[in-house]
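As structure tokens, the structure follows; a few thoughts come after it.
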Amino acid sequence: MTFSIGRAGLDMGPGHALESFGDSTADRSLNLSVLRRLLAYVWPHRWRMAAALVLMVVCALLTLAVPYLMKLTIDQAIALGDSTELARISLAMIVALIGIYWTSWRQQAILSWVGERILATLRSELFQHLQALSLGYHDKHLVGITVSRVINDVAAINDLLSQGLMTLLQDLLVLVGTVTVMLTMSVRLALLSFTVMPLMVVATVLFAKRAQVAFVETRVRIAAVVGDLAENLSGIRVIQAFAQQDASQQRFDEVNSSNRDAHIGAMSLSFVFIPTVEFLGMLATAVVLLFGGRDVINGSVTVGVLVAFLAYVTRFFQPIRELSQVYATLQSALAAGEKVLDLLDTSPALSDLPGAIEMDTIEGRVELRDVSFAYQEGEEVLHGINLLVEPGQTLAIVGPTGAGKTSIANLVARFYEVSDGAVLVDGVDVRRVQMGSLRRQMALVPQEPFLFAGTLADNIRFGHPDATDAEVQEAARLADVHEFVSSLPEGYNTRVQEGAANLSVGQRQLLCIARAILSDPRILILDEATSSVDTLTELKIQRALHNLLEGRTALVIAHRLSTVRRADLICVLQDGRIVERGTHEQLLARGGLYRELYEKQFVREGV
């Protein structure tokens, strides 16, 4: 009899159409809807922002007053030789300068306080949302790009909400106030100084049009750099093992160069625009000097007015220059905001339905009823699966690579939703229960054991944070890892290095088993828990699993068939279908796919 091995990669997970580094950077108008949604994060701090706004108005008014006080000093004190008036006006100017210093300092302090809280709120909300998204989302999106959303994009948004908008208002107020005062002092000189404005409008429009695209591009490119960096650091052992450092460096240099070029392009716009503004400001100053000087000579304008005008011309172009920078911040923040809001708007593929019930202590009866499943539409990996596991029984699922074994485990834990049929626990469809109440009574021991940063004790008590040290040690004893941990210089306080590099695969797996034991689940999912260890370590893990399985319902995904001999029921999968089921002895006697796999495996292992 000939047996098909099945389609390669059939059960590799929910596809690998990972998020692209590139996004469309087509020209887009100012997205006011994004700005309105982002402003909602300012609302909880509205009273502090109102205080900052008052301080900003006072600072702007005092800034406008200084050139006028200079005019009074020259025309009403120095020109008339009035030392008393000179002292009085000078004192007023000192008070105004102190007021500018104090209001500016207090405003910045308040904005920094608000900004840090907006930053923390946004990142916390994003993290909470990311945890709510299904595994399907995380399978399709690069970790580095997601990290860039939480770190870089949120920082760009914060720059706008905490500083940019207030700077925008202050510059507009100073601009309007400057124009008003200049017109009040001398309409003729004011209009003459405004002759450069058409050139200013042209420069601003050209800058704004190009800045829109440029700053969207920078958000895409920095995300690409973070994404590539995270991927390479995660795979550093593989890179070094295959001596691919040069190739990895070349790929990183490409995305890094693209990021550099994008930022240089965006900054170049400012490098051109800002000198243009300064040049036009100097041109306006020259116009005022020429015509204002003539007016002083013929007596129609005082020297004080001319000096004040020169100061106001400088202040007139300074906010315009700052507005260009604020506009760049606005474009960058809106580009980042669009990405962040898109992420927040991504609905979890799995969520508790309205009226979902909370499961009390379960018995552990698991049933798959006519279950079909596809990670991607039109590509089913499971077809009409029917299974029943009674409380306390152990079900082993075996079969060729890509047969759909892990998919069944994922559906029982409701990491993914069935395409058809139903998964039931204690006779209740898992879609009708609160996921948290179900998963708290389950435990997963994965094929690739994962340990978090922290101590060994922290990792063991991960599913039961309130466990005492004695309970942690007892779980470690049952997992046959207590002796090893106790032999370490720092014992249970030993910290896990990056990637758990200070622990062997077997030691990590035993610690994961201890974690599962301590959580005291009713349903266990063991996903090829011994496939990556040697035979001696496998025997040790088998002893630990025996303690873990006692009295619990278990689904064991097995690659090594020697580990499932004692299972109450063994199901053999091929191409997403159950082709055989029975005990170890029954399946061997039947002489089907199970026996073929068993014999091939033992030949490979030299048994």
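None of the figures in this text is laboratory data; all of them are computed from the coordinates on show. It should be emphasised that the depicted structure is a prediction, and the values quoted were computed from it without experimental measurement. Positions of Cβ are backbone-derived with ideal geometry, glycine not excepted, and every protein chain shown enters the neighbour counts.
Is the C-alpha gyration tensor of region 234-362 telling us rounded, prolate or oblate? Criteria: a/c under 1.5 is rounded; beyond that, a/b larger than b/c is prolate, otherwise oblate. Oblate, since a/c reaches 1.5 and b/c is not below a/b.
Calculated from the structure, Cα extents along the principal axes in Å equals which of (1) 71, 57, 54; (2) 119, 52, 51; (3) 124, 72, 63? Of the listed options (1) 71, 57, 54; (2) 119, 52, 51; (3) 124, 72, 63, (2) comes from this structure. A straight chain from Phe452 to Ala132 at 0.36 nm per residue would run longer than the Cα-Cα distance by 113.3 nm.
If only the Cβ of Lys and Arg carry +1 and only the Cβ of Asp and Glu carry -1, the dipole of region 452-520 around its Cα centre is close to 200 debye. Screening the chain for whole DSSP H helices with an alpha carbon extent of at least 27 angstrom along the helix axis and a mean Kyte-Doolittle hydropathy of at least 0.0 yields 46-72, 83-132, 165-185, 197-234, 245-298, 303-345.
If you take the square roots of the eigenvalues of the alpha-carbon gyration tensor of region 452-520 and sort them as a ≥ b ≥ c, do you get rounded (a/c under 1.5), prolate (a/b over b/c) or oblate?
rounded
Between the residues Gln108, Gly292, Val154, the greatest Cα displacement towards the positive end of the dipole of the chain, with unit charges on the Cβ of Lys, Arg, Asp and Glu, is found for Gly292.
Whole-Hz Karplus values for region 356-364 come out as 4, 8, 8, 7, 6, 4, 9, 7, x Hz, taken residue by residue from phi with 6.51 cos²θ - 1.76 cosθ + 1.60 and θ = phi - 60°; glycine and proline positions read x. On the beta carbon distance between Val176 and Arg432, with R0 = 56 Å, the FRET formula returns roughly 0.35. In a reduced charge model with +1 at each Lys and Arg Cβ and -1 at each Asp and Glu Cβ, region 375-445 shows a dipole moment near 360 debye about its Cα centre. A Cβ-based charge dipole, computed about the Cα centre of region 32-345 with Lys and Arg at +1 and Asp and Glu at -1, lands at about 480 debye.
For Gly402, the residues whose amide H sits under 5 Å from its own are Asp11, ignoring neighbours fewer than 5 places away on the same chain, with H placed 1.01 Å from N. In the chain, taking the dipole from charged Cβ atoms about the Cα centre, the farthest positive-side position among Ser486, Ile74, Ala190 is held by Ile74.
Close amide-amide hydrogen proximity is noted between Leu382 and Phe373, each under 5 Å apart and 5 or more residues distant or on a separate chain (H modeled in the peptide plane; Pro and chain starts excluded).
Select from Ile570, Ile362, Val305 the residue farthest towards the positive end of the dipole of the chain; place +1 on Cβ of Lys and Arg, -1 on Cβ of Asp and Glu, and compute about the Cα centre. Of Ile570, Ile362, Val305, it is Val305. Could you pull out every residue, at least 5 positions away or on a different chain, whose amide H is within less than 5 Å of the one on Gln574? Hs are placed 1.01 Å off N in the peptide plane, and Pro or chain starts have none. So Gln574 has HN proximity to Val579. Helix-only arithmetic for the chain: the sum of -39500 (n - 2.57) across DSSP H runs with n ≥ 4, divided by the residue total, places the mean residue ellipticity at 222 nm at -19500 deg cm²/dmol. Karplus-derived 3J(HN,Hα) values for region 416-429, using 6.51 cos²θ - 1.76 cosθ + 1.60 with θ = phi - 60°, are 9, 9, 5, 7, 7, x, 7, 10, 10, 10, 6, x, 10, 4 Hz; glycine and proline are entered as x.
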